[in-house]
1. Which chymotrypsin sites (Phe, Trp or Tyr not before Pro) in segment 60-122 sit in a loop by DSSP (not H, G, I, E or B) and have at most 12 other Cβ atoms within 10 Å of their own Cβ?
2. Which parts of segment 2-36 would a label at Gln144 reach, counting a residue when its backbone N lies under 16 Å from a point 7 Å out along Cα-to-Cβ?
3. Indicate, rounded to the nearest 5 percent, the antiparallel portion of the DSSP beta bridges found entirely in the chain.
4. With springs only between Cα atoms under 10 Å, which of Leu76, Leu52, Leu173 fluctuates most in a Gaussian network model of the chain?
5. Hey, fewest Cβ within 10 Å first, where do Asp40, Asp252 land in order?
6. Whole-Hz Karplus ³J(HN,Hα) for segment 171-183, in order, using 6.51 cos²θ - 1.76 cosθ + 1.60 and θ = phi - 60°, x for Gly and Pro?
7. With 10 angstrom as the radius, rank Thr86, Thr45, Thr308, Thr153 by how many other C-beta atoms surround their C-beta, starting from the fewest.
8. Using the Karplus equation 6.51 cos²θ - 1.76 cosθ + 1.60 (θ = phi - 60°), what ³J(HN,Hα) coupling, rounded to whole Hz, does each residue of segment 151-157 give in order, writing x for Gly and Pro?
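Taken together, the values in this text are just the output of simple stated rules run on the coordinates, not laboratory data. Being a predicted model, the structure only gives us computed values, none of them experimental. Quick reminder, even Gly has a Cβ in these numbers, built from the backbone with ideal geometry, and neighbours come from all protein chains shown.
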Amino acid sequence: MRVLSGIQPSGPLHIGNYFGALKQFIELQHKNEAYYFVADFHALTSVRDPKLLREYTHDVIVTMLSLGLDPDRATLFVQSDVPETTELAWLLSTVTPMGWLEKCVSYKDKIQQGLPAEHGLFAYPVLQAADILLYDADLVPVGQDQKQHLEITRDVAERFNRVYGGESEVFRLPKPYILETSAVVPGLDGRKMSKSYGNTIEIFDEPAVIRKKAKKIVTDSTPVDAPKNPETCPLFAMFALFATPEQRAQMDLRYRQGGVGYGEVKGLLAEAMIAHFEAAREQRRQWLAQPQRVREVREAAAAKARATARVVLDRARVACGVGS
Ligand code: ADP
Ligand code: TRP
């Protein structure tokens with residue numbers, strides 16, 4: 001199967017990005033043909049400092065490599081290195097009803113957070129559909145918040161196929177790949193962990209920062225001795241992500257019986273998190289020391305991604321009648 005996904009370089013990546021997306025990227029690279037990219041065109045809707053955008057883009061590539069994405073297995077490229085993307089986005093936008101974009105939750109959310117109502121933000125899902133359809137992707141690993149964008153992608157593909165398809169289909173219909181156990185990772189305040197809520201623990205936060213942030217995770221005021229409900233506790237949900245099944249079952253029992261204090265769980269969580277990313281932290285030091293190697297990975301991947309993209313874009317151009 002062909003797997004494809006992207007992540008915006010709008011800041012350092014956090015553990016919601018890791019469990020919701022990156023971990024699946026790494027697992028899926030082994031048995032599939034994988035394409036992963038840094039969505040810098042998308043990030044332009046929120047990052048307006050060119051130097052920062054370049055830094056974040058580099059940082060996301062380095063983060064992916066440090067966590068175990070293997071450039072010999074997966075094609076790890078930058079979205080803007082494939083200009084075919086924006087051409088396809090235009091072709092798709094000509095068959096996308098306004099109403100589909102108007103009902104998008106992520107657009108409405110961002111406007112509510114105070115972002116200006118710009119066309120790029122509004123048309124964001126069309127660009128995302130282009131990202132996906134351009135590579136004939138079968139499977140798209142993402143967190144729950146991207147489900148609606150995947151539905152729009154399928155709807156746009158079907159509509160283009162219907163309008164222009166004739167005998168053969170122009171676009172392959174992709175499926176989302178969303179793991180139930182990590183679809184929504186909670187943040188420090190119990191809401192979804194997100195850069196825009198300022199409630200994140202970053203993958204490469206220093207150990208001292210991780211310990212400090214863990215202490216801030218919201219909990220209720222149930223006394224140590226009293227039984228607690230693991231199912232409604234964001235601290236438990238985070239602990240569960242890093243625990244083995246046995247540790248998880250044991251903590252579940254201790255919650256229900258009473259006798260475990262939130263302070264103890266926070267300490268255990270911080271240490272588990274630090275240990276979990278220790279090897280990646282070392283890899284990151286090595287990749288950061290080799291910017292030229294990162295550049296080579298990026299260039300080789302762009303060439304491969306463009307070759308794949310060209311074939312699909314030409315198919316779409318022929319189907320709708322542009323070009324000769
Ligand atoms: P953010 O919300 O912090 O801006 P992005 O929108 O850049 O994060 O997300 C990149 C990827 O990580 C997407 O696939 C998204 O679904 C996933 N993701 C982000 N936050 C979470 C979370 N809290 N839980 C699960 N997945 C998440
Ligand atoms: N919109 C996604 C996010 O915010 C990033 C993204 C852009 C993406 N293009 C994509 C994800 C294509 C999957 C496939 O997380």
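1. Here no chymotrypsin sites (Phe, Trp or Tyr not before Pro) fit, given the DSSP loop and packing criteria.
2. The answer is 16-21.
3. 10 percent
4. Leu52
5. Ranked by crowding around the Cβ, least crowded first: Asp252, Asp40.
6. Taking θ as phi minus 60°, the curve returns 10, 7, 8, x, 10, x, 10, 10, 7, 5, 5, 9, 4 Hz for segment 171-183.
7. So the ranking, lowest neighbour count to highest, is Thr86, Thr308, Thr45, Thr153.
8. 5, 4, 4, 5, 4, 5, 4
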